[in-house]
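Novice: Sharing a structure below in structure tokens format, with a few things to ask.
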Amino acid sequence: MELRTEIEIAAPVAAIWDVLTDLRHYGDWNPFIVGLQGQLEPNATLEVTLSLPDSNAEQRYRARVQKVEPEREIVWESQRFFKALLTTRHFFRLEPGADHTRFVHGQDVSGMLLSSVLPRVTEATRGLVYMNQALKRRVESQASSLSASQTSSALSDRARP
């Protein structure tokens, strides 16, 4: 089963990538993945802490990084007990456009225990969407702050004799 969400962000891929790869600050802006520790490199272990939207209950798990393609994609996988029972692949994908980036975010869930997680699909999907919205706000506000700072600096430079 695939859960897939998308959002358009008015920023270049590099700006979004910078936020996604700054693991230490996830708790500052992210309402869904409130903690992410480890290294973003293939086969590295991540410590993931989720805050579930409907209950605010935290869920912690370990995941193994499957893929890191700079400014394009991050994929990690977690397993419950062993792969055949329940496997979740969490992914972030960045698709550049002319003046925006499409952020594709989701999870692929498979295994014999899939039916046991079906009641949480709505909650998980809300978490993905809430994170997307928070990422958009963070990146776009950083971009507008940077733009305002550059404009102010340019005006100051012109005002000097």
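The values are calculated or read from the model by the stated rules, or taken from the named source; none is laboratory data. Note that the structure is a prediction, hence the values are computed from the model and not measured. Positions of Cβ are generated from backbone atoms using ideal geometry, with glycine treated the same way; all protein chains shown enter the neighbour counts.
Novice: Taking the range 40-64 as the search range and keeping residues that are charged (D, E, K, R) and outside any strand (DSSP E or B), which one is modelled with the highest pLDDT?
Specialist: Going through the qualifying residues, I end up with 41.
Novice: Then there is this: Of all residues in the range 96-122, which are in a helix (DSSP H, G or I) and either modelled with pLDDT of 80 or more or closer than 19 Å to residue 79 by Cα (or both)?
Specialist: 114, 115, 116, 117, 118, 119, 120, 121
Novice: If you go through the range 8-31, how many residues are buried (at least 18 other Cβ atoms within 10 Å of the Cβ), in contact with a strand residue (DSSP E or B) (Cβ under 6 Å, 6 or more places away or on another chain) and either without any contact (Cβ under 8 Å) to a residue 40 or more places away in the chain or of a type outside the set (A, V, I, L, M) (or both)?
Specialist: Count: 1.
Novice: Something else: Can you find, within the range 138-152, the residue that is modelled with the lowest pLDDT among those that are under 11 Å from residue 11 (Cβ atoms) and not acidic (Asp, Glu)?
Specialist: Looking at the filtered set, the residue picked out is 147.
Novice: Counting only residues that are touching a Phe, Trp or Tyr at 6+ places or on another chain (Cβ under 9 Å) and not in a strand (DSSP E or B), how many does the range 27-39 have?
Specialist: 3
Novice: In the range 65-95, which residues are at pLDDT 95 or above and loosely packed, with under 15 Cβ neighbours inside 10 Å?
Specialist: Passing the criteria: 67, 69, 70, 72, 95.
Novice: Using beta carbons and a limit of 6 Å, which pairs, at least six apart or on different chains, have the first residue in the range 122-135 and of a type outside the set (S, T, N, Q) and the second one in a helix (DSSP H, G or I) and surrounded by 16 or more Cβ atoms within 10 Å (Cβ to Cβ)?
Specialist: Partner pairs satisfying both residue conditions: 134/29.
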